[in-house]
1. Whats the longest run of the chain with zero trypsin sites (Lys or Arg not before Pro) that are DSSP loop and have at most 14 other Cβ atoms within 10 Å?
2. Starting from the alpha-carbon convex hull of segment 84-214, give the projected area averaged over all orientations, in nm².
3. What does the extension gain come out to for Asn49 and Phe89, with contour length at 0.36 nm per residue minus their alpha carbon separation?
4. May I ask which residue of Ala43, Gln154, Thr21 lies farthest towards the positive end of the charge dipole of the chain, with charges of +1 (Lys, Arg) and -1 (Asp, Glu) on Cβ and the Cα centre as origin?
5. Based on the Cβ-Cβ distance from Val56 to Thr220, what FRET efficiency comes out when R0 is 25 Å, to the nearest 0.05?
6. How high is the relative contact order of the chain, in percent, counting Cα pairs under 8 Å that sit 6 or more residues apart?
7. From zero up to wherever the largest Cα-Cα distance of segment 51-106 sits, split into 10 Å bins and tell me the percent of pairs in each.
8. Beyond 27 Å between alpha-carbons counts as too far, so tell me which of Lys74/Lys159; Lys35/Lys159; Lys140/Lys219; Lys22/Lys197; Lys22/Lys208 fall in that bin.
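All of the numbers you see were taken from the coordinates with simple rules; none came from a lab. On a predicted model such as this, the values are computed, not experimentally measured, just so you know. All Cβ positions, glycine included, derive from the backbone under ideal geometry; neighbour counts span all protein chains shown.
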Amino acid sequence: MKKLLFVILLVAATVAASAQTKKVSVLGDSYSTYKGYIPDNYATFYPDNNNDVKNVEETWWSLYIQAKGYQLEKNDSWGGTTICNTGYFGRNSAATSFNSRVDLLGDPDIIFVFGGTNDAWANSPVGEYKYENITEEDCKFFRPALALLLETLQKRYPKAQLCSLLNSELREEINESMRTVCQHYNVQLIELHDVEKQNGHPSISGMKSICEQILEQFKTD
């Protein structure tokens, strides 16, 4: 009888632990890619010959998941992509933008949005702040495109906790825009600092720094 009770309690504890395991999805650009962990048709950066990150367990998101005991739901990260629909050399990037991928994150408890880097590097136009009736034309600009992204994510995943990550060393227009729009939607913004990079992307040390800053600042429900 005692043995049966022990087995029942063990099963119950296992089920409870499983139910409490949070699922994490990532919507990002090359900083969050790793070959084999993103859709096959997406451009990836990691692994790269000129960067010392050689194992998926060394990525910021994998380190975070390991540290918290969570599991990866979806990683929808595409190298070179912008939040707005204006990419490098002024090209239309609507087909790969963050807004084009908002429905591909599964059923997450936590969503990390790590974007804006390519908008800054591509010198994409920021436009004006706009929070209602945002059109496709508006989304050529960073501010309304970011607003639409956060609003859509909140509506599409109402039970998920949303966190936006802001890369270090970006132009101030992008930084200020991220702060303002995230505040409008009450989305936590983690402004990263001291992220070591190799070939323009976080190194092993940089990945650890990103993870540590998230662990320090992001409070899960």
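1. Within the chain, the longest run free of exposed trypsin sites (Lys or Arg not before Pro) spans 92-158.
2. On the way: hull surface 32.0 nm².
The Cα convex hull of segment 84-214, projected and averaged over all directions, gives 8.0 nm².
3. On the way: separation 40, 0.36 × 40 = 14.40 nm, distance 2.60 nm.
The span from Asn49 to Phe89 would gain 11.8 nm if fully extended.
4. Working it through, the farthest residue towards the positive pole turns out to be Thr21.
5. Working: r = 22 Å, r/R0 = 0.90.
Efficiency, from the Cβ-Cβ distance: 0.65.
6. Details: 405 pairs, mean separation 46.3, N = 221.
Once normalised by length, the contact order is 21 percent.
7. 21, 35, 33, 11, 0
8. Values: Lys74/Lys159 16 Å; Lys35/Lys159 29 Å; Lys140/Lys219 33 Å; Lys22/Lys197 29 Å; Lys22/Lys208 21 Å.
Lys35/Lys159; Lys140/Lys219; Lys22/Lys197, as the Cα separations exceed 27 Å there.
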